[in-house]
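Note sheet for the following structure.
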Amino acid sequence: MSQHEKDRNGSDSGGTEDHDRLLRRHGEAIALFGSRVHRVRDDQWDAPTPCDAWSVRDLVGHLTVEQLWVPRLVRDGATIEEVGDAYDGDQLGDDPAGAWDRAAVAAVAAFSEPGALDRTVHLSSGTGTADAYCSQMMMDAVVHSWDLSRAIGADENLPPELAGAALREVGPYADELAGTPMFADPVTPPSGADDLTRLLCLLGRQP
């Protein structure tokens, strides 16, 4: 579970229509990352990524663990303390793509249950809303889809709707993420940059 997911509680989503749109975007983001996971060649798992000190395997492992947390926090209402170290260590085993698929399906299913986004989730900073948590997870999957794409030489052009949604999500708290292991200091985007370029620059990437 990444630090910004533990610490952020805000969201501008609300209401059935907004929730339906959020679930679509979240599902699209998870599918996007999964499509890149399945393109990783056997000789690329140790390759570097734009995330400092993370290999491709580290990055996929990080996102996989994030998905494993979702059913416990959203469906079970568990606290960080109750989950404890259940997902510490390597969760990918000998089948990284399969481990990702199983975790992703479970996470999407947990968020998609009737009323799930109206629930309260227990984060390390206190209680938050499940729709805010879902939006944060969507953003994280979009950004790391680009990271994984660059690391393995896949197409770095991501769907503009997802890039825009991720930019709107992270904009209010991007300053808090700068300098963490996953997000470097912002860089200035070029004039007329699209949403994806602005998103990546905001989070310290070099598109």
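Tell me which residues, restricted to the stretch 155-178, are within 15 Å of Cys201 (Cβ to Cβ) and part of a loop (DSSP other than H, G, I, E, B).
Hits for the stretch 155-178 are Glu156, Leu158, Ala178.
In the stretch 119-127, is there at least one residue being among the small types (Gly, Ala, Ser) and either at pLDDT 95 or above or surrounded by 14 or more Cβ atoms within 10 Å (Cβ to Cβ) (or both)? Working first, answer last.
So the first thing to find is which residues in the stretch 119-127 are among the small types (Gly, Ala, Ser), and the list is 124-126.
Applying the additional criterion that residues be either at pLDDT 95 or above or surrounded by 14 or more Cβ atoms within 10 Å (Cβ to Cβ) (or both) yields none.
Scanning the stretch 119-127 turns up no residue that is among the small types (Gly, Ala, Ser) and either at pLDDT 95 or above or surrounded by 14 or more Cβ atoms within 10 Å (Cβ to Cβ) (or both).
Among the residues that make up the stretch 75-82, is at least one of them under 20 Å from Ala29 (Cα atoms), over 17 Å from the mean Cα position of the chain (by Cα) and surrounded by fewer than 16 Cβ atoms within 10 Å (Cβ to Cβ)?
We begin by selecting, within the stretch 75-82, every residue under 20 Å from Ala29 (Cα atoms); these are none.
The answer is no; no qualifying residue exists.
Would you be able to say whether some residue in the stretch 93-101 is more than 18 Å from Val142 (Cα to Cα) and under 15 Å from the mean Cα position of the chain (by Cα)?
No, the stretch 93-101 contains no residue that is more than 18 Å from Val142 (Cα to Cα) and under 15 Å from the mean Cα position of the chain (by Cα).
Read through the list (1) open to solvent by less than 50 Å² (accessible area, probe 1.4 Å); (2) more than 23 Å from Arg150 (Cα to Cα); (3) modelled with pLDDT of 95 or more; (4) not in a loop (DSSP other than H, G, I, E, B), then give the number of the only condition that Gly98 fails.
Looking at each condition in turn, Gly98 falls short on (2).
Among the residues of the stretch 186-207, is there at least one that is in contact with a Gly (Cβ under 8 Å, 6 or more places away or on another chain), open to solvent by 60 Å² or more (accessible area, probe 1.4 Å), at pLDDT below 95 and closer than 21 Å to Ala53 by Cβ?
Yes; the residues of the stretch 186-207 include at least one that is in contact with a Gly (Cβ under 8 Å, 6 or more places away or on another chain), open to solvent by 60 Å² or more (accessible area, probe 1.4 Å), at pLDDT below 95 and closer than 21 Å to Ala53 by Cβ.
How many residues does the stretch 46-62 contain that are in contact (Cβ under 8 Å) with a residue 40 or more places away in the chain and outside any loop (DSSP other than H, G, I, E, B)?
The number of residues fulfilling the criteria is 5.
Residue by residue through the stretch 79-101, note down the ones that are of a type outside the set (A, V, I, L, M, F, W, C) and out of contact with any helix residue (DSSP H, G or I) (no Cβ under 7 Å at 6 or more places or on another chain).
Here is the first cut: in the stretch 79-101, the ones of a type outside the set (A, V, I, L, M, F, W, C) are 79, 81-82, 84-85, 87-91, 93-96, 98, 101.
Across the stretch 79-101, the qualifying residues are Thr79, Glu81, Glu82, Gly84, Asp85, Asp88, Gly89, Asp94, Asp95, Gly98.
Scan the stretch 32-56 residue by residue and report those that are open to solvent by 70 Å² or more (accessible area, probe 1.4 Å) and under 16 Å from Ala154 (Cβ atoms).
His38, Arg39, Arg41, Asp42, Asp43, Pro48
Just need a number here: residues in the stretch 63-95 that are farther than 20 Å from Asp147 by Cβ and either touching a Cys at 6+ places or on another chain (Cβ under 6 Å) or not in a helix (DSSP H, G or I) (or both).
Looking only at that region, the number is 13.
Please count how many residues of the stretch 141-184 are closer than 18 Å to His19 by Cα, surrounded by fewer than 23 Cβ atoms within 10 Å (Cβ to Cβ) and not hydrophobic (A, V, I, L, M, F, W, C).
Residues meeting the conditions: 3.
Find all pairs meeting these conditions: Cβ atoms under 7 angstrom apart; at least six residues apart or on different chains; first residue within the stretch 80-95 and touching a residue at least 12 places away in the same chain (Cβ under 8 Å); second residue in a loop (DSSP other than H, G, I, E, B).
Ile80/Ser124
If I ask for residues that are assigned to a helix (DSSP H, G or I), among the small types (Gly, Ala, Ser) and more than 27 Å from His38 (Cβ to Cβ), which ones from the stretch 117-149 would you list?
Across the stretch 117-149, the qualifying residues are Ala130, Ala132.
The values are calculated or read from the model by the stated rules, or taken from the named source; none is laboratory data. Given the structure is predicted, the values throughout are model-derived calculations rather than measurements. Cβ atoms come from the backbone with ideal geometry, glycine included; neighbour counts cover every protein chain shown. Accessible surface is based on the protein model in full, side chains and every heavy atom, while ligands, DNA and RNA are left aside. Shrake-Rupley method; radii C 1.70, N 1.55, O 1.52, S 1.80 Å.
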